[in-house]
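The block underneath contains the structure these notes are about, expressed in structure tokens.
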Amino acid sequence: MDTQFNLQSLVRPNIWSLQPYSCARDEFKGRDAHVFLDANESPYNAPLNRYPDPLQEKLKAQLAPLKGVRPGQIFLGNGSDEAIDLVYRIFCRPGIDNVVAMAPTYGMYKVSADINDVEYRPVQLDANYQLHADEILASVDDHTKAIWLCSPNNPTGNDMNRQEVLHIVNCFRGIVVVDEAYADFSDQEPLRLAVDRYPNLLILNTFSKAWASAGLRLGMAFASEDIIALFNKVKYPYNVNALTQERASQALSEMMKIEGWCRQIRRERDHMLPALAELRITKRVYPTAANFVLVKVTDANGIYQYLVERGIIVRNRNRVQLCEGCLRITIGTLQENNELLGALRQYNNM
């Protein structure tokens, strides 16, 4: 694989030769300094008067052992959406190149493709929401720069077959992005632990789900040092603010609490699935390895509106191909889940 993967051939030539913006703090890096008169910052209101670490080095050093990777294999961005956008900006020439993606899946892959004027080629999952590597690869041509996969998938909730995913990684000479936003709720070993074996593999993760920190807007990407270096070259200089870095560092020191939240969500998920399945309005509860469940119901639009009127918000996926008639329900607290079930039981008996 290493001898056949050529990163430079995938990167847009202007990006490969790009001279990145030099941050004010880069020039004295590694030296002891205490008077900062270089960045036109105010001398007042410390520490918020100073620009944040542009490469988040302390945070990455703290995160690396928890994720089983090296600090140089980590990109941190303004949500996973920044990393998604950077894939297009680094690898895809507007109006020329394309990407392939499984469908249905997370909508931002296509939105970002449209913004960047890159052709987006969806390949439908089967009736059990599984991908087939040969169908994905059949949609690839000489202008395909990336393949988008998501496991556990959003909105379906299920893990993708690992052998099918690895078949794609082994056969495709472009970038394979696997979004593992929900991996902390799955029993499947995360693929980020394999980035050393696959130089074309890029893994996405986030603080929004298992870390219960969606308000921080902090996304993660894991890949080879060479790919991460490209991300750091193209990103905006101070893309993660100081308050986010500080709060994320605090979260990383509270692993026992985070793991406890994940266990509780899994327990609630195990309680919710059979409770939803026994309702007369439920046609199917799909298998899930995420912190949500996709449920096929008798009247998705009507039930959705009924819940909204009672102040309970779920996601109506009725218009998503292969998810017709489905609601996506996030696993909440015991009280929230019981309130939802109570409302659905009332509807069930109407």
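Residues of the range 330-340 that are assigned to a helix (DSSP H, G or I) and crowded, with 17+ Cβ neighbours inside 10 Å: 337, 340.
Residue 327 meets each of the listed conditions (1) aliphatic (A, V, I, L, M); (2) assigned to a loop (DSSP other than H, G, I, E, B); (3) in contact with a Lys or Arg (Cβ under 7 Å, 6 or more places away or on another chain) apart from (2).
Counting only helices (runs of 4 or more DSSP H) that sit completely within the range 40-140, those holding 1 or more residues that are within 30 Å of residue 323 (Cα to Cα) and either touching an Asp or Glu at 6+ places or on another chain (Cβ under 6 Å) or of a type in the set (Ser, Thr, Tyr) (or both) correspond to 79-91, 108-115, 133-138.
When the residues of the range 289-322 are filtered to those that are out of contact with any strand residue (DSSP E or B) (no Cβ under 7 Å at 6 or more places or on another chain) and surrounded by 16 or more Cβ atoms within 10 Å (Cβ to Cβ), which remaining residue is nearest to residue 160 (Cα to Cα)? Checking each candidate, the answer is 289. Being of a type outside the set (Val, Ile, Thr), surrounded by fewer than 17 Cβ atoms within 10 Å (Cβ to Cβ) and farther than 24 Å from residue 183 by Cα holds for only one residue in 68, 95, and it is 95. Tallying residues that are in contact (Cβ under 8 Å) with a residue 40 or more places away in the chain, surrounded by fewer than 17 Cβ atoms within 10 Å (Cβ to Cβ) and farther than 15 Å from residue 347 by Cα within the range 272-288 yields 1. A residue that is in the same structural domain as residue 202 (by TED's automatic domain parsing), hydroxyl-bearing (Ser, Thr, Tyr) and either in contact with a strand residue (DSSP E or B) (Cβ under 6 Å, 6 or more places away or on another chain) or surrounded by 11 or more Cβ atoms within 10 Å (Cβ to Cβ) (or both) cannot be found anywhere in the range 25-47. Counting only helices (runs of 4 or more DSSP H) that fall entirely inside the range 224-321 and contain at least 3 residues that are under 20 Å from residue 155 (Cα atoms) and either at pLDDT 95 or above or of a type in the set (S, T, N, Q) (or both), the qualifying elements are 255-277, 300-309. Taken over the range 167-199, the residue count meeting the criterion of being closer than 11 Å to residue 151 by Cα and of a type in the set (Ser, Thr, Tyr) is 2.
The values are calculated or read from the model by the stated rules, or taken from the named source; none is laboratory data. Since the structure is predicted, the reported quantities are computational estimates derived from the model, not experimental observations. FYI the Cβ positions are ideal-geometry reconstructions off the backbone, even for glycines, and counts take in every protein chain you see.
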